């Protein structure tokens, strides 16, 4: 005999998950700027958590710079030579958050990760080989922030 109660519970869970994913994708599609602000807020929160641990080890802190030229950009530095620039970019109707780690000796980009915003997983651009960051398609703001801070502390994105 089939247990329809268990099947109904499973179907409800699948519908709820699909609804949540759809809601998150709609949120990213509707307002990339608001999504970026959430990411920026989470980056600051993760930076504070990391700085707490860094201070226990007597290691220099991650700092955020608020210069007028960084309007709409999150710019972080760590130590004497590493910096991370996080920005929202729109190109061809697609939005993405780009995190670039810049390093010594000349401040050139040494690592980059891009996080696509939107709900079209079939986008051929997202499937180009050699482009890092695209596996993070559809990531939540808190996941993106953790990845950015981790990348800065390790000196690059894997």
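The values are calculated or read from the model by the stated rules, or taken from the named source; none is laboratory data. Values in this document were obtained by computation on a predicted structure and should not be read as measured data. FYI the Cβ positions are ideal-geometry reconstructions off the backbone, even for glycines, and counts take in every protein chain you see.
Worth pointing out:
- Screening the range 93-107 for residues that are at pLDDT below 95 and touching a helix residue (DSSP H, G or I) at 6+ places or on another chain (Cβ under 8 Å) and picking the one that is surrounded by the fewest Cβ atoms within 10 Å (Cβ to Cβ) gives 94.
- Filter result for residue 113 (within 18 Å of the chain's Cα centre (by Cα), under 13 Å from residue 149 (Cα atoms) and either loosely packed, with under 11 Cβ neighbours inside 10 Å or free of Cβ contacts under 8 Å to residues at least 24 places away in the same chain (or both)): no
- Scanning the range 113-128 for residues that are modelled with pLDDT under 50 and either touching a helix residue (DSSP H, G or I) at 6+ places or on another chain (Cβ under 9 Å) or in a loop (DSSP other than H, G, I, E, B) (or both) turns up 120, 121, 122, 123, 125, 126, 127, 128.
- Residue in the range 129-148 that is loosely packed, with under 13 Cβ neighbours inside 10 Å, modelled with pLDDT of 70 or more and part of a helix (DSSP H, G or I) present: no
- Residue check for residue 110: in a strand (DSSP E or B), farther than 17 Å from residue 37 by Cα and modelled with pLDDT of 85 or more: yes
- The residues listed here are 80, 50, 40, 34; of these, the one that is more than 21 Å from residue 109 (Cβ to Cβ) and in contact (Cβ under 8 Å) with a residue 12 or more places away in the chain is 50.
- Positions within the range 51-92 being at pLDDT 90 or above, within 18 Å of residue 148 (Cα to Cα) and assigned to a helix (DSSP H, G or I), in sequence order: 51, 52, 53, 54
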